[in-house]
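Below is one structure; the comments refer to it alone.
The values are calculated or read from the model by the stated rules, or taken from the named source; none is laboratory data. This structure is a prediction, so every number in the text was calculated from the model and none was measured. Here the Cβ is made from the backbone with ideal geometry for all residues, glycine too, and neighbour counts use every protein chain on show. Areas reflect the complete protein model, heavy atoms only, side chains present, ligands, DNA and RNA absent. Shrake-Rupley method; radii C 1.70, N 1.55, O 1.52, S 1.80 Å.
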Amino acid sequence: MALSGSAIVHKPLGLLAELTHRCPLGCPYCSNPLALDGREDELDTASWLRVFREAAALGVLQVHLSGGEPGARRDLVDITAGAHAAGLYTNLITSAVGITEKTLGALAQAGLDHVQISIQDSDAASADHIAGYAGAFARKRALATEVLRHKLPLTVNAVVHRANIDRIADMVDLALALGAGRIEIAHVQYYGWALKNRAALMPTREQVERATAVVEELRTRQHGRIVIDAVVPDYYARYPKPCVGGWGRRSLNVTPAGKVLPCHAAESIAGLTFWNVREHSLADIWANSPAFNAFRGTAWMKEPCASCPRRELDFGGCRCQAFALTGDASATDPVCHLAPDHGQLARLAAVRSDAPYVYRRLVPPI
Ligand code: SF4
Ligand code: FES
């Protein structure tokens with residue numbers, strides 16, 4: 001721990017390595033930024049390996065190899081081997097489309113520690129419709145079988161919204177059938193691309209209440225068989241989530257082109273300056289870059305957060321959501337019932353439409 005200005009600088013524990021923005025799927029809630037990095041701008045293998053060594057020296061324990069679809073990188077095996085050699089626990093986050101049986105075998109050999117497969121639904125037709133990719137569901141099942149064959153631990157990641165929230169129990173059954181030890185049930189976060197589809201994705205309050213009860217019942221019934229991680233969706237919560245464990249406190253993201261962000265959506269906040277691993281060391285960026293120091297600690301907070309006893313628990317919520325909903329990234333996250341802008345959430349959650357999804361189709365298929 002060190003001091004930067006008035007804020008304590010903790011050691012980061014996790015690094016999200018966004019190896020590429022290229023992705024074969026078109027999910028309407030894509031969390032990648034609106035302006036994607038092209039293949040020609042991606043960091044090369046040697047740069048990623050340097051980043052991993054610097055991350056380990058900084059205290060990072062775990063690297064999440066993500067995208068886009070990390071399988072789009074031809075050097076994924078070398079990148080994984082480099083992260084492993086740096087002493088990091090390696091977690092591959094994949095859509096499963098783009099990771100062949102052979103590649104998975106090579107990744108296991110290279111020291112891959114854990115695999116996380118995203119699913120769009122428990123129903124194959126609905127899952128493929130949400131992903132905007134025919135046959136994606138079958139490929140996820142096939143890759144999960146391979147993950148188990150290599151005795152790698154598996155987590156299933158399910159993003160829920162109005163079209164699939166009533167099938168949470170089926171998704172947990174699917175995760176069990178696939179051999180997962182854990183399922184993360186994440187509600188769509190409405191910033192970036194997902195804002196375009198908010199009305200088409202927003203669940204009703206009744207759906208959210210039913211889903212919350214289902215999750216509680218499943219946690220009891222499936223105790224010891226699978227770990228179920230789930231939180232109340234933002235627009236229906238009373239308090240905000242401690243987004244990314246606090247800005248510049250526990251984790252960092254490196255984009256395909258080498259920019260270092262305090263959270264995956266930070267580029268959606270206008271006016272922040274991000275430093276790049278091509279020009280600075282990770283340690284320098286973590287301690288001194290303007291973006292990391294913008295909302296570190298509590299000195300930047302306004303009321304009601306500034307004097308709130310929960311300010312070290314939830315850190316005022318999510319900066320990206322505060323910016324998306326109020327235009328001010330230092331505002332209290334409107335999810336908080338104490339926030340001056342809280343009233344608009346109920347109004348926005350009530351806006352729903354059955355318009356077709358606007359798929360994420362900005363890059364050529366891999
Ligand atoms: Fe958290 Fe701020 Fe709400 Fe207090 S006022 S609970 S610190 S978001
Ligand atoms: Fe950026 Fe929450 S997603 S701070």
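Restricting attention to the range 281-306 and to residues that are part of a loop (DSSP other than H, G, I, E, B) and in contact with a helix residue (DSSP H, G or I) (Cβ under 8 Å, 6 or more places away or on another chain), the residue that is nearest to ligand 2 (Cβ to nearest atom) turns out to be Phe295.
Of the residues in the range 45-57, at least one is part of a helix (DSSP H, G or I) and either over 18 Å from Ile285 (Cβ atoms) or within 15 Å of the chain's Cα centre (by Cα) (or both).
Okay, residues lined up against (1) in a loop (DSSP other than H, G, I, E, B); (2) under 25 Å from Ala346 (Cα atoms); (3) within 16 Å of ligand 1 (Cβ to nearest atom):
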| residue | (1), (2), (3) |
| --- | --- |
| Val232 | yes, yes, yes |
| Tyr235 | no, yes, yes |
| Pro240 | yes, yes, yes |
| Arg249 | yes, no, yes |
| Asn253 | no, no, no |
| Gly271 | yes, no, no |
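Of the numbered criteria (1) modelled with pLDDT of 95 or more; (2) closer than 20 Å to Pro334 by Cβ, the one Asn293 fails is (2). Among the residues of the range 307-340, those identified as more than 11 Å from ligand 1 (Cβ to nearest atom) and assigned to a loop (DSSP other than H, G, I, E, B) are Gly327, Asp328, Ala329, Ser330. A single member of Ala35, Ala17 is out of contact with any Gly (no Cβ under 8 Å at 6 or more places or on another chain) and open to solvent by 30 Å² or more (accessible area, probe 1.4 Å), and it is Ala35.
Tallying residues that are closer than 16 Å to Val214 by Cβ and either open to solvent by 30 Å² or more (accessible area, probe 1.4 Å) or of a type in the set (Val, Ile, Thr) (or both) within the range 168-178 yields 6.
Per-residue answers, yes or no, for (1) modelled with pLDDT of 95 or more; (2) of a type in the set (D, E, K, R); (3) open to solvent by less than 40 Å² (accessible area, probe 1.4 Å); (4) outside any helix (DSSP H, G or I):
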site	(1), (2), (3), (4)
Lys196	no, yes, no, no
Thr212	no, no, no, no
Val260	yes, no, yes, yes
Glu267	no, yes, no, no
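Anything in the range 210-263 that is within 20 Å of the chain's Cα centre (by Cα) and of a type in the set (Asp, Glu)? List them, or say none. Correct list: Asp229, Asp234. Being among the hydrophobic types (A, V, I, L, M, F, W, C), open to solvent by 40 Å² or more (accessible area, probe 1.4 Å) and within 16 Å of ligand 1 (Cβ to nearest atom) is the filter here, so list the residues in the range 273-299 that pass it. Residue satisfying the conditions is Ala299 alone. Checked against (1) among the aliphatic types (A, V, I, L, M); (2) within 18 Å of Val51 (Cβ to Cβ); (3) at pLDDT below 95, Leu362 passes all but a single condition, namely (2). If you go through the range 263-296 and keep only what is closer than 25 Å to Cys23 by Cα, touching a residue at least 40 places away in the same chain (Cβ under 8 Å) and not hydrophobic (A, V, I, L, M, F, W, C), you end up with His264, Glu267, Ser268, Arg278. When Ser66, Ser31 are screened for being free of Cβ contacts under 8 Å to residues at least 60 places away in the same chain and closer than 29 Å to Tyr190 by Cβ, only Ser66 passes. Scanning the range 307-340 for residues that are open to solvent by 20 Å² or more (accessible area, probe 1.4 Å), of a type in the set (Gly, Ala, Ser) and within 16 Å of ligand 2 (Cβ to nearest atom) turns up Ala324, Gly327, Ser330. One residue stands out in the range 39-59 among those that are in contact (Cβ under 8 Å) with a residue 60 or more places away in the chain and in contact with a Pro (Cβ under 9 Å, 6 or more places away or on another chain): the one that is most open to solvent (accessible area, probe 1.4 Å), namely Asp41.
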